[in-house]
């Protein structure tokens, strides 16, 4: 039930794998602009960017920073319980996805300011095209027993 709650709150630009993966490019708002336009947004302020990539009722129990090195692969696994968000701060990332039940596969390109929501039972691999940084977060706590290897790349 938790997955549906988060999905309903997530305004999407695109859905993949029958709605099990959502992608949104956060709108950019400049200093003095309409800051109330969207709950999630990128504010471009004189002192630097402030990204609001989550503002909701559901608490988050896991947050991690990811350093992305071009030409490497992260992931190649899925989770049975964990729903995860990936917000790309900097760089460019090819997110390779496969629904483990249907075997349907999709790839989507994430650029700085993009946010992806990956549902449980979706295998995922992160293939950075440019060196960058990301944040991963989840309403579920990290559980190493909930990582199931699934080679995509």
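The values are calculated or read from the model by the stated rules, or taken from the named source; none is laboratory data. Keep in mind that this is a model prediction, so the values were computed, not measured. Every residue, glycine among them, receives a Cβ derived from its backbone with ideal geometry; neighbour counts consider all protein chains shown.
Give the residues of segment 122-149 that are over 19 Å from residue 53 (Cα atoms), more than 14 Å from the chain's Cα centre (by Cα) and buried (at least 17 other Cβ atoms within 10 Å of the Cβ), sorted by residue number. Matches in segment 122-149: none.
Inspect all residues belonging to segment 111-119 and state whether any of them is over 15 Å from residue 17 (Cα atoms) and without any contact (Cβ under 8 Å) to a residue 60 or more places away in the chain.
Among the residues of segment 111-119, at least one is over 15 Å from residue 17 (Cα atoms) and without any contact (Cβ under 8 Å) to a residue 60 or more places away in the chain, which makes the answer yes.
Give the residues of segment 132-148 that are more than 13 Å from residue 74 (Cβ to Cβ) and either part of a strand (DSSP E or B) or touching a strand residue (DSSP E or B) at 6+ places or on another chain (Cβ under 7 Å) (or both), sorted by residue number. I'd like the intermediate steps shown before the answer.
Taking segment 132-148 first, the residues more than 13 Å from residue 74 (Cβ to Cβ) are 135, 137-146, 148.
Residues satisfying the conditions are 135, 137, 138, 140, 141, 142, 148.
Taken over segment 95-113, the criterion of being under 19 Å from residue 72 (Cβ atoms) and surrounded by fewer than 22 Cβ atoms within 10 Å (Cβ to Cβ) is satisfied by 96, 107, 108, 109, 111, 112. For segment 44-61, the set of residues classified as buried (at least 17 other Cβ atoms within 10 Å of the Cβ) and either without any contact (Cβ under 8 Å) to a residue 60 or more places away in the chain or closer than 17 Å to residue 22 by Cα (or both) consists of 53, 54, listed by residue number.
Could you pull out every one of the strands (runs of 3 or more DSSP E) wholly within segment 1-109 that has 3 or more residues that are modelled with pLDDT of 95 or more? Give the derivation first.
Details: elements: 14-16, 21-25, 28-30, 41-45, 48-52, 62-68, 74-78, 84-99.
So the answer is 62-68, 74-78, 84-99.
Is segment 64-73 home to any residue that is within 21 Å of residue 41 (Cβ to Cβ) and either surrounded by 14 or more Cβ atoms within 10 Å (Cβ to Cβ) or over 13 Å from the mean Cα position of the chain (by Cα) (or both)? There is no residue in segment 64-73 that is within 21 Å of residue 41 (Cβ to Cβ) and either surrounded by 14 or more Cβ atoms within 10 Å (Cβ to Cβ) or over 13 Å from the mean Cα position of the chain (by Cα) (or both).
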